[in-house]
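Nothing in this text is a laboratory measurement; each read-out follows from the coordinates by a stated rule. Note that the structure is predicted; figures quoted are calculated from it, not measured. With ideal geometry, Cβ positions are generated from the backbone for all residues, glycine too; neighbour counts draw on all protein chains shown.
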Amino acid sequence: SQQVRGMATLKMISIRLKSVKNIQKITQSMKMVSAAKYTKAERELKLARPYGIGAQEFYKKAEVKDEEGEKGQLIIAVSSDRGLCGAVHSSIGRIVKTDIAANPNTKVVIVGDKVRNILQRLYAKNIAMVVTEVGRKPAVFGDAALVAQSIINSGIEFSKGKILFNAFRTVVSFRTTEMPLYSQNAVANASKLPVYDSLDSDVIQPYTEFSLASLLFYSMKENATSEQSSRMTAMDNASKNAGEMIDKLTMTFNRTRQAVITRELIEIISGAAALETKN
Amino acid sequence: MERMALTRSALRLFSGRFTQACQVRGYADAPSMSLTFAAPSQVLYNNISVKQIDVPSFSGSFGILPAHVPTLAVLKPGVVTVFENDGSTKKFFVSSGTVTINEDSTVQLLAEEAVPVDTLDISAAKELLAQSQSQLASASSEVAKAEAEISIEVSEALVKACE
């Protein structure tokens, strides 16, 4: 019975060893894939940064402030559909939750399934719109324009707004950041707006609409780069952990194998010894 | 107040052609203008000091010089001409976008698409124009008509830019 148990344990260990080795292969290949996607995303982000920063300049220089009013808050939470990328989605979800708790009159436009899953349970009625099929291919301006158009068409009104996304810092770090969003009224009432020559709603409306699409595009690009670098790190850690487990399991396997052999030898020798003493 | 508005629009009208002559304020040395001209997927100028920028906008085409009055404008399909400090001129075709001129003479020109004019192919542009015109003819809904009209406007500007 000891012998049988030893054999069974050996089989179990070897099954576990095989499965952990497979997992390590998968995480290593996921790491390679996200490394390639990260390189591309970072290159595109570098080209998009002057555009994104330029799009924010007017609001800073004109000292636009949030509208005084009770129309509530709009949060556009930018993330993606896919997981296994570390803290990317959960950090966004956490901040949205604290914001809604502080200001219940908040509407959220969610870009990406993962954040929807986080918010669905408790804050389903704050969710105004969800955008899916995000993250599979790199974002282009047309995607951001589509989202911006849907937001405009839905007629959401807000006094205070922000875009929440993960700004890319380095390969190993990202920062959850927010970009302020201003309604047309807020722009029209900006303290420095009179400095700007001959403006009317004919110019302000298309300007703010294009601005929304541009800011959304920029946040998508930043978020994509953060996501890929985070996934690369996560998969790298997973491969390392799997490697450690494989080492430990291999040790256990070899020890168990040697124990089984020793037991067999003992039984054979004691059997032979018993026969000899009988004789 | 009215005089101010008149001077301001006069500045705007003539700033492309008559430079120092119409400047009400006189500067000892020409103030600089920092241009950021970018599209979502490319950077053409990033905080570069330039002499003059001519932009096509829905409120009229105008030239931007240092100390231009702050304003916002929406770009029309057309050619943006950048006069650089060393005297060279570069032309770009833009499809749409916005231009912001701030108080501190920084200019942000954000175009949805911007390409150097010498990369345009006139035969392809004429073909696009013909296509958009037939699209307009066969358009049924208001949205389709509007889209076709936009397409015609862009292709006409493209053909004009190539000539």
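Using the structure shown, list the pairs from A:LYS60/B:LYS160; A:LYS37/A:LYS60; A:LYS46/B:LYS90; A:LYS46/B:LYS160 with a Cα-Cα distance above 30 Å, or answer none.
Details: A:LYS60/B:LYS160 36 Å; A:LYS37/A:LYS60 33 Å; A:LYS46/B:LYS90 23 Å; A:LYS46/B:LYS160 33 Å.
Beyond 30 Å: A:LYS60/B:LYS160; A:LYS37/A:LYS60; A:LYS46/B:LYS160.
How many angstrom lie between the C-alpha centres of segment A:34-77 and segment B:136-151?
So the separation of the two Cα centres works out to 32 Å.
Normalising by the residue count of chain A, find the relative contact order in percent from Cα pairs under 8 Å and 6+ residues apart. Walk me through the numbers on the way to the answer.
Numbers: 389 pairs, mean separation 88.7, N = 279.
Relative contact order, chain A: 32 percent.
Could you give the size of the charge dipole of segment B:79-161 about its Cα centre, using +1 on the Cβ of each K and R and -1 on the Cβ of each D and E, expressed in debye and rounded to the nearest 20?
Working: 5 positive and 14 negative charges, 57 e Å.
Charge dipole of segment B:79-161: 280 debye, to the nearest 20.
Under a crude label model (7 Å from the Cα following the beta-carbon direction), how far is B:GLU153 from A:ALA35 in nanometres?
4.9 nm
Distance from the Cα centre of segment A:103-174 to that of segment B:50-70, in angstrom?
35 Å
With axes computed from alpha carbons, what is the tilt in degrees of helix A:2-61 against the longest principal axis of chain A, rounded to the nearest 10 within 0 to 90?
The two axes meet at around 20 degrees.
Could you list which residues have their amide H under 5 Å from that of B:ASN46, counting only those 5 or more apart in sequence or on another chain, with H placed in the peptide plane?
Close amide H contacts, sequence-distant or interchain: B:PHE37.
Which of A:LEU146, A:PHE217, A:ALA167 sits closest to the plus end of the dipole of chain A, meaning its Cα is farthest towards the positive end, when Lys and Arg get +1 and Asp and Glu get -1 on the C-beta?
Of the options given, the answer is A:ALA167.
Choose one of A:TYR51, A:GLN120, A:VAL96: the residue whose Cα lies farthest towards the positive end of the charge dipole of segment A:51-123 (beta-carbon charges +1 Lys, Arg; -1 Asp, Glu; about the Cα centre).
Toward the positive end, the furthest listed residue is A:GLN120.
Assigning unit charges at the beta carbon (Lys, Arg +1; Asp, Glu -1) and nothing else, what dipole magnitude in debye, to the nearest 20, does segment A:5-97 show about its Cα centre? Please list the in-between numbers first.
Values: 19 positive and 9 negative charges, 245 e Å.
Result for segment A:5-97 is approximately 1180 debye, rounded to the nearest 20.
Along the charge dipole of chain A, pointing to its positive end and built from +1/-1 on Cβ of Lys, Arg, Asp and Glu, which listed residue (A:LEU249, A:GLN24, A:VAL111) has its Cα farthest out?
Projecting each Cα onto the dipole axis, the largest value belongs to A:LEU249.
To the nearest 20 debye, what is the magnitude of the charge dipole of the protein assembly as shown about its Cα centre, counting +1 on the Cβ of each Lys and Arg and -1 on the Cβ of each Asp and Glu?
Working: 51 positive and 45 negative charges, 543 e Å.
Using only the charged Cβ atoms, the result is roughly 2600 debye.
Residue by residue through B:107-117, how many Cβ atoms from other chains fall within 10 Å of the Cβ on average? Each step should come with its number before you reach the end.
Working: counts 2, 9, 1, 10, 1, 7, 1, 0, 0, 0, 0.
Across B:107-117, the average partner-chain Cβ count within 10 Å equals 3.
Sorted from largest down, what three extents in whole angstroms do the Cα atoms of segment A:145-267 have along their principal axes?
Sorted from largest, the Cα extents of segment A:145-267 read 100, 28, 20 Å.
For A:ARG136 and A:LYS46, calculate 0.36 nm times their separation in residues minus their Cα-Cα distance, and state this gained length in nm to one decimal. List each step's numbers first, then the result.
Numbers: separation 90, 0.36 × 90 = 32.40 nm, distance 1.98 nm.
So the extension gain works out to 30.4 nm.
Go ahead and estimate [θ] at 222 nm for the protein assembly as shown from helices alone: -39,500 (n - 2.57) per DSSP H run with n ≥ 4, summed, over the residue count, rounded to 500. Don't jump to the answer; show the numbers that get you there.
Numbers: 9 runs with 232 residues, N = 442.
Value at 222 nm, helices only, nearest 500: -18500 deg cm²/dmol.
Give me a single rounded figure for A:204-210: the average over its residues of other chain Cβ atoms within 10 Å of their Cβ. Walk me through the numbers before you get to the answer.
Details: counts 2, 1, 7, 7, 2, 2, 7.
So the per-residue partner count for this stretch is 4.
Cα-Cα over 31 Å: which of A:LYS114/A:LYS160; A:LYS160/B:LYS51; A:LYS31/A:LYS114; A:LYS31/A:LYS160; A:LYS31/A:LYS107?
A:LYS160/B:LYS51; A:LYS31/A:LYS160; A:LYS31/A:LYS107
Which log10 I(q)/I(0) values, to two decimals, does chain A give at q = 0.13 Å⁻¹ under the Debye formula with one point per Cα?
For the requested q values the scattering log ratios are -0.90.
To the nearest µm²/s, what D does Stokes-Einstein give for segment B:120-162 at 20 °C and 1.002 mPa s, using the Kirkwood radius over alpha carbon pairs as Rh? Don't jump to the answer; show the numbers that get you there.
Details: Rh = 10.2 Å.
Reported coefficient: 211 µm²/s.
If one computes the Cα centroid of segment A:13-32 and of segment A:264-279, what distance in Å separates the two points?
44 Å
How far is helix A:201-278 tilted off the main Cα axis of chain A, in degrees rounded to 10, range 0 to 90?
In chain A, helix A:201-278 runs at an angle near 10 degrees to the longest axis.
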